[in-house]
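In what follows, a structure is listed as structure tokens, so that the remarks can point back to it.
What follows draws every value from the coordinates through simple rules; no lab data is involved. Since the model is a prediction, treat every value here as computed from it, not as a measurement. Because the Cβ atoms are built from the backbone with ideal geometry, glycine has one as well, and the counts that use them run over all protein chains shown.
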Amino acid sequence: MNSQFRSLVSRIVWLHLAAVVVAAGTMIVSIHLLLNATFAAFERRALSEHAAAVAEAVAPAGAGLAVKLPSELKDFYAHGYGGFEFAVLDATGRPAASSRPDGEALFPKAPLRAAPEYFQRIVGSDAHFDAIFPERLGDRSYWVEISQNLDHPGVYADDIVAQFLGQVFWLVLPIILLLLAVDAFIVRRALRPVIAASTQANSIHPSQIDIRLPVRGLPTEVAPLVTAMNQALDRLAAGFRLQREFVADVAHELRTPLAVLRLRADKVEDRAIADGLRADIDAMSRLVEQLLAHAEFEAFVLPPDTRADLRAVALDVARLMAPGAIAAGKQVAVCAGETPVWVHGHAESLFRAVRNLVENALAHSPPRGVVKLEVESEGVMRVSDEGPGVPESDREVIFQRSWRRDRRKPGAGLGLSIVASIVQRHGGAIGVGAAEGGGACFTLRLRPAPA
């Protein structure tokens, strides 16, 4: 379906426009037919009146007929006013009088009947409206022929009818366009609550499923659909809540068995086996912590007036991660000014996000590699490393849950998805590109807050 007909407003306007055009066309044609019928009746009456005036001037003249027109009628027919002509035929069909210069009948081949007859002719390029009226004078029968040239300069009625369609079209066209504009305004105003509801529905996503569409002010035809959608969102929110609670409960339940396993691993005399068990337990513990973090941040709501110092967050993360980095032969460096960089955010949540970014950077950095944390005054932080970098084909999917480039390596692929979830809750944005000296550069952008 064409995109312009997918809109309810455009459908209503176009359908109404079609209805208006059909109605206007029907009205124009009907008026045109009515004018033609009225003009025809007027012409018949005019021809009948002329025939009656001529018949009053007919008198017997021996075996024939004499036509003695009043002086005004003589001048009228002599000069052809109004395009009228007449002829009087006797009982044999011969002309007793005629306004034609040759004195002949107007319609030599027309049959003479006992009832009035009206007809039209085309003579050259002119249209004529004609009539033959039977008359009686005592016991004598005769016929009066009347003709009017409709294209005569003195005849205006036919010109009016001929020009009517064109004149009315230019009158109706702006009315139709005005109706179209008024329709669009009225329909958009009537559907304003529907448009507002659709805009609000567009803002609903898995992290904000608590939003519900307003039902007040909606048309009665649309309100049931919106109500049903709100009910579906309620069921969806309940499902998400149950899923988060289940994940959190499972993660909490796993903490105790893992702690017991760690104690038992410490009692294993074979150091190689003990080290392997501890590594596996550490990996499982990290997975449990990530599951708990996901469950926590799925339900996290940031108060509008909360702010955090992004510079302090970067320094805290560096202090926490530096000992482990040094032990692995790597470094963590912070590049920030001397003044706080305030952003709209929760300090503890941002600390978790930046820590995950630094952990990821250290994991992909080579020996003696440096992980840099750069903080800018506009609420921007960059975390870069000297590792292999992130291919362009992976930059769109790297923040997806459970995504891992190499499935053979340990981990659940939740670290970066937790970062994306935290940033999203803060109304910020995160992206990944290439660092200047090679490696990956994660850019975190948050909303600045007043100092």
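3J(HN,Hα) along segment 172-181: 7, 4, x, 5, 5, 5, 5, 4, 4, 5 Hz, from the Karplus curve 6.51 cos²θ - 1.76 cosθ + 1.60 with θ = phi - 60°, whole Hz, x for Gly and Pro. Near the amide H of Gly439, within less than 5 Å, lie the amide hydrogens of Gly389, all on another chain or at least 5 residues away, with H placed in the peptide plane. Less than 28 Å apart at the alpha-carbon level, and either on another chain or at least 8 residues along: which lysines does that give for Lys372? Within the straight-line cut-off, Lys372 pairs with Lys330, Lys409. When Ile146, Ile122 are sorted by how many other C-beta atoms sit within 10 angstrom of their C-beta, beginning with the fewest, the order is Ile122, Ile146.
Which number do you get for Rg(Cα) / (2.2 N^0.38 Å) in segment 303-445? Don't jump to the answer; show the numbers that get you there.
On the way: Rg = 14.4 Å, N = 143, 2.2 N^0.38 = 14.5 Å.
Rg over 2.2 N^0.38 Å, computed on Cα atoms: 1.00.
Counting every other Cβ atom within 10 Å of each residue's Cβ, Cys441, Cys335 order from fewest to most as Cys335, Cys441. Karplus-based coupling profile of segment 219-231, in residue order and whole Hz: x, 4, 6, 9, 4, x, 5, 5, 4, 5, 5, 4, 5, with θ = phi - 60° in 6.51 cos²θ - 1.76 cosθ + 1.60 and x standing for Gly or Pro.
Convex hull volume per residue, computed on the Cα atoms of segment 3-160, equals 158 Å³. Only the Cβ atoms of Lys and Arg (+1) and of Asp and Glu (-1) were treated as charged; on that basis the dipole of segment 39-160 about its Cα centre amounts to roughly 420 debye.
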